[in-house]
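What follows is one structure encoded as structure tokens, with my remarks underneath.
All of the numbers you see were taken from the coordinates with simple rules; none came from a lab. Computed from a prediction, not measured in an experiment: that's the story for all the values here. Heads up, the Cβs are rebuilt from the backbone with ideal geometry, glycines too, and the neighbour counts pull from every protein chain shown.
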Amino acid sequence: MKDFSKEAAAYLEKEVPADVQRFADINVDIAMQVGEYLKEKGWTQKDLADALGKSEAEISKWLSGMHNLTLKSIAKMEVALGKEIILTIRKAEVKFREVELVINP
């Protein structure tokens, strides 16, 4: 998988609006998270593409860190990978309470 972090960093070094910078930060985070999940499963981008019925080129674009991912495409990747990609604060609080109950019954 191509490392787009230098490309993204160079882009962000320019003066950009806060919302655009936040968008890029989130996209890079998602791309890196998916990359870690692929490594854990021993999958390539092609394997993910096959699981999603997409082309390898499209998945490469999705994971570039600069693509405007939809929630639907993220959800499809979550299902294919069997992992959460986005963890909302609400879900994090629930998970924290579950862990806290196990540690401090």
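Label-point separation (nm) for Asp50 and Val79, each offset 7 Å from Cα along Cα-to-Cβ?
Distance between the two pseudo-spin positions: 2.0 nm.
Can you order the peptides 25-34, 74-83, 38-47 by their average number of other Cβ atoms within 10 Å per residue, highest first?
25-34, 74-83, 38-47
Grab the other residues whose beta carbon is less than 12 angstrom from that of Tyr37, score K and R as +1, D and E as -1, and report the net.
Taking every Cβ under 12 Å from that of Tyr37, the sum is -2.
Over the range 5-103, what is the relative contact order in whole percent, taking alpha-carbon pairs under 8 Å and six or more residues apart?
Relative contact order, the range 5-103: 28 percent.
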